[in-house]
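Beneath this line is the structure, given in structure tokens, with notes to follow.
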Amino acid sequence: MDDPKAQIMCALTHLKKIVNTAVKNISPFYITKPWGIAEQPDFINAVVLLETTLSPLKLIHVLQEIENKMGRKKVQRNGPRVIDLDIIFYDNFILNHDDLTLPHPRYSDRAFVLQPLFDIAPQLILPNGQQLRDHLATLDLSTITRIETQ
Ligand code: AMP
């Protein structure tokens, strides 16, 4: 909502301030046609590589605090929102907790997650043993458009 590029820049500023955590890489930004509900503005998506000593649960709670600080209000599932911060992978952790599922349960069919992930981690091997590169080749990339961040 509002100015999505500015929202992502603001979220990045918050990520850089998380204790015991370093932002190691930031992907290019992609404009994405909305998922689920079509009658809403386009989304912008990006992937960030963090190095942290926070536990996965502590990290998701910190990310949720950032979402709250940025004024995210949950109105409608898959609908417009100011910011949405998800954890896609945390090393090779597998977790099924009420607050956090790892890997993220819906990453594997989302070009808007996997293309920016590929941009910063082209050698990544997915939990099923498949090369990210090979999996990405099976997805429809026409739904996303890379934009200049400067
Ligand atoms: P969303 O609307 O996609 O932000 O979903 C947020 C809800 O999903 C919160 O209740 C989170 O605790 C939960 N959740 C479970 N797994 C994850 C994950 N890997 N990343 C972010 N949120 C998650």
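The values are calculated or read from the model by the stated rules, or taken from the named source; none is laboratory data. Every value quoted in this text rests on a predicted model; they were computed, and no experiment measured them. Using ideal geometry, Cβ is built from the backbone for each residue, glycine included, and neighbour counts are taken over all protein chains shown. Just so you know, the surface numbers come from the protein's heavy atoms only, side chains and all, with ligands and any DNA or RNA stripped out. Shrake-Rupley method; radii C 1.70, N 1.55, O 1.52, S 1.80 Å.
What the table below lists for this structure:
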| quantity | calculated |
| --- | --- |
| Options 99, 134, 109; residue that is within 21 Å of residue 31 (Cβ to Cβ) and open to solvent by 50 Å² or more (accessible area, probe 1.4 Å) | 109 |
| Qualifying residue in the stretch 97-107 (condition: closer than 24 Å to residue 143 by Cβ, at pLDDT 95 or above and more than 12 Å from the ligand (Cβ to nearest atom)) | no |
| Residue in the stretch 24-37 that is part of a loop (DSSP other than H, G, I, E, B), hydroxyl-bearing (Ser, Thr, Tyr), modelled with pLDDT of 95 or more and open to solvent by 60 Å² or more (accessible area, probe 1.4 Å) present | no |
| Filtered residue count, the stretch 38-48, keeping only those that are among the polar types (S, T, N, Q) and in a strand (DSSP E or B) | 1 |
| Residues satisfying the stated conditions in the stretch 105-141, i.e. in contact with a Lys or Arg (Cβ under 9 Å, 6 or more places away or on another chain) and without any contact (Cβ under 8 Å) to a residue 60 or more places away in the chain | 118, 122, 123, 124, 139 |
| The stretch 77-92, subset open to solvent by 70 Å² or more (accessible area, probe 1.4 Å) and more than 10 Å from the ligand (Cβ to nearest atom), residue modelled with the lowest pLDDT | 92 |
| Odd one out for residue 74 among (1) at pLDDT 90 or above; (2) under 23 Å from residue 2 (Cα atoms); (3) open to solvent by 40 Å² or more (accessible area, probe 1.4 Å) | (1) |
| Yes/no for residue 119 being in a loop (DSSP other than H, G, I, E, B), of a type in the set (Asp, Glu) and more than 8 Å from the ligand (Cβ to nearest atom) | no |
| Selection status of residue 142, open to solvent by less than 80 Å² (accessible area, probe 1.4 Å) and hydroxyl-bearing (Ser, Thr, Tyr) | no |
| Residue tally, condition surrounded by fewer than 15 Cβ atoms within 10 Å (Cβ to Cβ) and in contact with a Ser or Thr (Cβ under 9 Å, 6 or more places away or on another chain), over the stretch 43-57 | 3 |
